[in-house]
Amino acid sequence: QVQLVESGGGLVQAGGSLRLSCSASGNIFSINAMGWYRQAPGKQRELVASITRGGNSNYADSVKGRFTISRDNAKNTVYLQMNSLKPEDTAVYYCNAPSLVSTIHYWGQGTQVTVSS
């Protein structure tokens, strides 16, 4: 089992910045990639960004150039730096880590990000 705990959400004006953190604990050697998904009201959950233990990352087109994902393997923590935030970035952001040994995806509890116009 892996536990994911997020922090850092909040309310910000358009154009502002927020930094999300997600710390993993438990059987951390059963995961490699960690990432962030988001879900806005009435919409499907979507991948925002992910990063492997080796540092390979990918981003949704909608956040490229504005968001940066990073990872501290020593702290088992992944970060999402969000700059130039837009109202359409408003959503609950979830930390995610797919298991290497099963089809399970571990999820955090979610953190609300609200961007006002």
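The values are calculated or read from the model by the stated rules, or taken from the named source; none is laboratory data. Predicted model only: the values in this text are computed from it and were never measured. Counting neighbours? That spans all protein chains shown, and the Cβs are built from the backbone with ideal geometry, glycine included. Note: accessible area is taken over every heavy atom of the protein model, side chains too, but ligands, DNA and RNA are not part of it. Shrake-Rupley method; radii C 1.70, N 1.55, O 1.52, S 1.80 Å.
If only one of ARG19, ARG38 is open to solvent by 50 Å² or more (accessible area, probe 1.4 Å) and in a strand (DSSP E or B), which one is it?
It is ARG19.
Just need a number here: residues in region 63-86 that are out of contact with any helix residue (DSSP H, G or I) (no Cβ under 8 Å at 6 or more places or on another chain) and either free of Cβ contacts under 8 Å to residues at least 24 places away in the same chain or of a type in the set (S, T, N, Q) (or both).
Total satisfying the criteria: 13.
Just the residues that are in contact with a strand residue (DSSP E or B) (Cβ under 7 Å, 6 or more places away or on another chain) and under 16 Å from GLU88 (Cβ atoms), please, taken from region 50-65.
TYR59, ALA60, VAL63
If we only count strands (runs of 3 or more DSSP E) wholly inside region 56-117, which ones have 2 or more residues that are more than 14 Å from the chain's Cα centre (by Cα)?
111-116
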